[in-house]
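The values are calculated or read from the model by the stated rules, or taken from the named source; none is laboratory data. From a predicted model like this one, the values you see are computed outputs, not experimental measurements. With ideal geometry, Cβ positions are generated from the backbone for all residues, glycine too; neighbour counts draw on all protein chains shown.
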Amino acid sequence: MNYPQDTPAATIMTVDDTVENLELLEEMLVSAGYRVLQFPRGELAIRAALRNPPDLILLDVMMPYMNGYQVCRTLKQDESLSDIPVIFISALGDAESKVKAFTEGGVDYVSKPFQEKEVLARIRTHLELRRARKNLQDHKSHLEELVRERTYDLNQAQKVANIGSWKLTLADDMIVLSEQACVIMGFGDESAPCNAPIPLEQWMAKIHPDDRQKVWDIWHEAKNKFTDGYAIAYRVLKENKTIWVHEDARFEMDKDGRPLRAIGTVQDVTERRAHLEALEKQNEALREIAWTQSHVVRAPLVRLMGLVAVLDDDHFAGMDRAEIFMEIIRAANELDGIIRDISLKTDQIFKPGETE
C-alpha cells in the first residue's frame, strides 16, 4: 500500500491463538506497509485496543477463554472502539458461522486457508471505507459547528435589535419561534426560551383584546388573497404590562401559488414608539407656540416699524423726538419679553422641569 509521506501507516491488530498464524499475518502485513500489533488472546487484545485503538482488527473465531464472537461483541459495545472494522479469519466456512460473525458486528469474513492478495484487498477496502466514514463524520461535525455558530450569532443579533423570527406551517397552524421571538411575545425568557412549536391560537391570545380582531383580519386577508405578505403594529399583553410590537411576514407558495408557510419577524418597538410619541408631543407644542406667539410678536413689531418710519420722515409734524424714542424702547422691550417667553417655553418642552 502506498501512503503519502505525511500520512502514517495504518495499524492492524491481529488476534489468533496460533503463533504460526500470527507470524504469517505479520509478515504479510508488514510487507504491505502496515504497522502490526499481535495478540494470542482476546482479552489482551481488548485491553490493548482500549489504550491504543488500531485502525482495523483481524480476528480469529476459535480461541480459548474468549472466542472471536465474544471479543467482537465487547469491542462494539465500547463507544471508542465500535467503529473499528473487524474482519474475521477462521477455518469455519459454514454459512451459520459467517452469519454469526456479521451479527456480532464484523464487516467481513475470510476463510482459512486464505489468499494473501484477497486479505490485503479486503483490508484496503475496509480501511478506505472507514476513512471515508470518518471524513464524512468530520465534515458533518464541522457543518454542525458552523450551524451552532451561525445560530448563536443570529440569536445575539436578534437580542441586540430586540427582534425575533418565526415560521408558521399553514397545514397545522403551528408556529416555530426563535429564542428572541419567545422572549418578546412572553412565551419564555432568555434562560428558558420555548423550544417547541406553539398553536396559532396561543400566539393570538397574547395580543391585546382591542387589537386582536384587527390582526386576525389582516392575517386572513393576506393568506386568502394570496398576497406576498403584510406588516402590522399591535399591542401584546406580557407579564402584566402592554408592549408594542411590529410584525412583518412573507408567504412561501406552492407551485399553484397557494401559501404553504408564513415566515416573519416580530420586533419590540415599545421604546421607539414611546420616543416617537414624545417627539410628536414636542412638535405639537412647538406648533402651538409658533401659532400663538406669531400673532403676539406681530403687534409690537408693526408698532416698532411704524415708529422707525416716523423718525425717518423729515416732516414728523413737530412730534417730540424723545417721546418717539421712548415708545421705540418700550416696543423693543415688549418684543424682547415675547422672544424670551418663547425661548423659555421651548426649553420646558425639551427639558421638562427645568427653567431658565
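Any residue in the stretch 26-41 that is in the same structural domain as Pro113 (by TED's automatic domain parsing), in contact with an Asp or Glu (Cβ under 7 Å, 6 or more places away or on another chain) and within 14 Å of Val110 (Cα to Cα)? No - not one qualifying residue is present in the stretch 26-41. Here Pro54 clears all of (1) modelled with pLDDT of 95 or more; (2) in contact with a Phe, Trp or Tyr (Cβ under 6 Å, 6 or more places away or on another chain) except the condition numbered (2). Somewhere in the stretch 122-129, is a residue within 40 Å of the chain's Cα centre (by Cα), hydrophobic (A, V, I, L, M, F, W, C) and farther than 30 Å from Asn195 by Cβ? Yes, because at least one residue in the stretch 122-129 is within 40 Å of the chain's Cα centre (by Cα), hydrophobic (A, V, I, L, M, F, W, C) and farther than 30 Å from Asn195 by Cβ. Of the set (1) over 18 Å from Trp166 (Cβ atoms); (2) modelled with pLDDT of 85 or more; (3) among the β-branched types (Val, Ile, Thr), all apply to Ile232 but (1).
For the residues Glu96, Glu145, the requirement of being modelled with pLDDT of 90 or more and more than 29 Å from Gly33 (Cβ to Cβ) singles out Glu96.
Residue check: Tyr152 meets all listed conditions (1) part of a helix (DSSP H, G or I); (2) surrounded by 12 or more Cβ atoms within 10 Å (Cβ to Cβ) but one, namely (2). Within the stretch 70-108, restricting attention to residues that are acidic (Asp, Glu) and surrounded by 15 or more Cβ atoms within 10 Å (Cβ to Cβ), the residue that is nearest to the chain's Cα centre (by Cα) is Glu104. Against the criterion of being exposed (fewer than 12 other Cβ atoms within 10 Å of the Cβ) and either at pLDDT 85 or above or in the same structural domain as Asp172 (by TED's automatic domain parsing) (or both), Glu221 qualifies. Residues that are surrounded by 12 or more Cβ atoms within 10 Å (Cβ to Cβ) and assigned to a helix (DSSP H, G or I) are absent from the stretch 242-259.
Taking the stated definitions as given, is Ala278 assigned to a helix (DSSP H, G or I), surrounded by 10 or more Cβ atoms within 10 Å (Cβ to Cβ) and either at pLDDT 70 or above or of a type in the set (Gly, Ala, Ser) (or both)?
Criteria met by Ala278.
Is one or more of the residues making up the stretch 73-86 in a loop (DSSP other than H, G, I, E, B) and β-branched (Val, Ile, Thr)? Yes: one or more hits.
Quick grid of which residues meet (1) modelled with pLDDT under 85; (2) of a type in the set (Val, Ile, Thr); (3) under 17 Å from Met174 (Cβ atoms):
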site: Gly186; (1), (2), (3): no, no, no
site: Ala192; (1), (2), (3): yes, no, no
site: Ile198; (1), (2), (3): no, yes, yes
site: Glu201; (1), (2), (3): no, no, yes
site: Met204; (1), (2), (3): no, no, yes
site: Asp217; (1), (2), (3): no, no, no
site: Lys225; (1), (2), (3): yes, no, no
site: Val236; (1), (2), (3): no, yes, no
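Any residue in the stretch 181-201 that is surrounded by 13 or more Cβ atoms within 10 Å (Cβ to Cβ), acidic (Asp, Glu) and in a helix (DSSP H, G or I)? Within the stretch 181-201, not a single residue is surrounded by 13 or more Cβ atoms within 10 Å (Cβ to Cβ), acidic (Asp, Glu) and in a helix (DSSP H, G or I). Of all residues in the stretch 235-272, those satisfying the criterion of being among the polar types (S, T, N, Q) and free of Cβ contacts under 8 Å to residues at least 60 places away in the same chain are Asn240, Thr242, Thr270.
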